[in-house]
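Q: Take this structure first; my questions come after.
Bear in mind that the values in this text are calculations on the coordinates, not laboratory data. Being a predicted model, the structure only gives us computed values, none of them experimental. Ideal geometry is used to build each Cβ from the backbone, glycine not excepted, and the neighbour counts take in all protein chains shown.
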């Protein structure tokens, strides 16, 4: 599934002209940063709650 | 006077390469590059100032915009390359670095320099211009024009990068309390601290690191191809062979234009591509 998705994403990028490809990649970079951001923010929240819980105990 | 050109991003590896060379060269031409998708290439000035503090005023620092050159190199013989190499045309990091090397080579021809170095390191080997096969192709390109190309920090160890505690947002606290004794021996960061250029040896992935070099997300596409698609499917050896074939072909074509540039530095295709200086 992942490979299938990547294949079409790469195929699309391959056909883009210069400026559009740069913008597309920049956007892709920000989307990934966003996903990482959400993931690590959630992890941080969980970690803090666990620490608070342990301190309460 | 002994002179050398250094491809200089301002990161620890290229700064370490420059610091090593500064011990035996009279003048170093530090060449930094920007293009669409690279933000703040001027950040490289931070470490140029530190190098000047340590070794005196023997550094010439230039920042070039290689956008036009990068685009031209990417789309040179595009349809034929698509047919022959497919997704290897999306190895954007390799094509970007190739455009920087072509600009560097032109700079060397313009200034009569016969030596070039950079901060290529074996630990970033999925990038074409950091893997041995890619470096060999680049070396051959320079050799054709009588220029020696070396990688002074290629065998240096890699420091620990971002760890989990950085990623959950504890970066600043962690950076302040970073235990440098845990890093492996012989990293470029350690060399720079020993030379008194950096205060902390392990800055990779930290705010300090981000302040001293450009930011670029264009590697997303390259990584999607190499790490997400090709290597898991065909393996690293096939990837390396593919990279070598693709870049050998690219470099052979570009060398024809470089030869023309050597004969006619004021006119021709390449002269029009490399006239951008920021």
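Q: Treating only the Cα positions of the stretch B:224-278 as identical point scatterers, give the base-10 log of I(q)/I(0) from the Debye formula at each q in 0.25, 0.31 Å⁻¹.
A: For the requested q values the scattering log ratios are -0.89, -1.11.
Q: Moving on to the next point. Roughly how compact is the stretch B:32-138, stated as its Cα Rg over 2.2 N^0.38 Å to two decimals? Please report the intermediate quantities before stating the final value.
A: Working: Rg = 15.7 Å, N = 107, 2.2 N^0.38 = 13.0 Å.
That ratio works out to 1.21.
Q: For a Förster distance of 45 Å, can you work out the FRET efficiency between the beta-carbons of residue B:200 and residue B:75, rounded to the nearest 0.05?
A: 0.60
Q: Relative contact order, percent, of chain B when contacts are C-alpha pairs under 8 Å separated by at least 6 residues?
A: Working: 424 pairs, mean separation 72.3, N = 278.
Reported as a whole number, the value is 26 percent.
Q: Pairing the Cα long axis of helix A:18-56 with the longest principal axis of chain A, what angle in degrees results, from 0 to 90 and rounded to the nearest 10?
A: Orientation of helix A:18-56: about 10 degrees from the principal axis.
Q: Further question on the same structure: Please work out the Cα center distance from the stretch B:192-213 to the stretch B:82-136, rounded to the nearest Å.
A: 25 Å
Q: Over all directions, average the projected area of the Cα convex hull of chain A and note it in nm².
A: Computing the convex hull of the Cα atoms and averaging its projections yields 5.2 nm².
Q: Working out 0.36 nm times the residue gap between residue B:39 and residue B:53, then minus their Cα-Cα distance, what length gain in nm do you get to one decimal? Before the final figure, lay out each step's value.
A: Working: separation 14, 0.36 × 14 = 5.04 nm, distance 2.58 nm.
Length gained, residue B:39 through residue B:53: 2.5 nm.
Q: Using a cut-off of under 15 Å, list every residue of the stretch B:76-97 whose amide N is near the label point 7 Å from the Cα of residue B:241 along the Cα-to-beta-carbon line.
A: Those under the cut-off are B:85.
Q: Also, I was wondering about something else. How far apart, in nanometres, would the label points at residue B:256 and residue A:14 be if each is projected 7 angstrom from Cα along the Cα-to-Cβ direction?
A: Between residue B:256 and residue A:14, the simple spin-label model gives 2.3 nm.
Q: For chain B, just run the numbers: alpha carbon Rg, then divide by 2.2 N^0.38 Å, N being how many residues it has.
A: Values: Rg = 18.7 Å, N = 278, 2.2 N^0.38 = 18.7 Å.
Rg over 2.2 N^0.38 Å, computed on Cα atoms: 1.00.
Q: Relative to the longest principal axis of chain A, what angle (0 to 90°, nearest 10) does the C-alpha long axis of helix A:2-14 take?
A: Result, in degrees: 50.
Q: Further question: What is the order of A:56, B:260, B:67, fewest Cβ neighbours within 10 Å to most? Can you show the working numbers first?
A: Values: A:56 6, B:260 15, B:67 20.
Arranged by neighbour count, lowest to highest, A:56, B:260, B:67 become A:56, B:260, B:67.
Q: May I pose another question? At what distance in nm do the modelled label points of residue A:4 and residue B:264 sit from each other, each positioned 7 Å from its Cα along Cα→Cβ?
A: With each label placed 7 Å out from Cα toward Cβ, I get 5.3 nm.
Q: Which of these, B:83, B:45, B:186, has the largest mean-square fluctuation under a Gaussian network model of chain B (Cα springs below 10 Å)?
A: Per the Cα network of chain B with a 10 Å cutoff, B:83 tops the list.
Q: On to the next question. Can you classify the stretch B:192-262 as rounded, prolate or oblate using the Cα gyration tensor, where a ≥ b ≥ c are the square roots of its eigenvalues, rounded means a/c under 1.5, and otherwise it's prolate if a/b beats b/c and oblate if not? Show your work: numbers first, answer last.
A: On the way: a/c = 2.55, a/b = 1.43, b/c = 1.78.
It is oblate, given that a/c is not under 1.5 and a/b is not larger than b/c.
Q: Let me ask something additional. Along the principal axes of its C-alpha atoms, what lengths does the protein assembly as shown span, in descending order and rounded to whole Å?
A: Each principal axis gives a Cα extent; for the protein assembly as shown these are 79, 53, 34 Å.
Q: What would the Debye formula give as log10 I(q)/I(0) at q = 0.14, 0.16, 0.18, 0.22 Å⁻¹ for the alpha-carbon point model of the stretch B:46-109, no solvent?
A: The calculated log intensity ratios at q = 0.14, 0.16, 0.18, 0.22 Å⁻¹ are -0.57, -0.66, -0.75, -0.92.
Q: Now, a different point. In whole percent, what relative contact order does the stretch B:1-140 give with Cα contacts below 8 Å and a gap of six or more residues?
A: Numbers: 188 pairs, mean separation 40.8, N = 140.
Relative contact order here is 29 percent.
Q: Under a crude label model (7 Å from the Cα following the beta-carbon direction), how far is residue B:124 from residue A:42 in nanometres?
A: In this crude label model, residue B:124 to residue A:42 measures out at 3.1 nm.
Q: Counting only helical runs of four or more DSSP H residues, what would the 222 nm mean residue ellipticity of chain A come to if each run contributes -39,500 (n - 2.57) and the total is spread over all its residues?
A: On the way: 2 runs with 52 residues, N = 57.
Here the helix-only value at 222 nm equals -32500 deg cm²/dmol.
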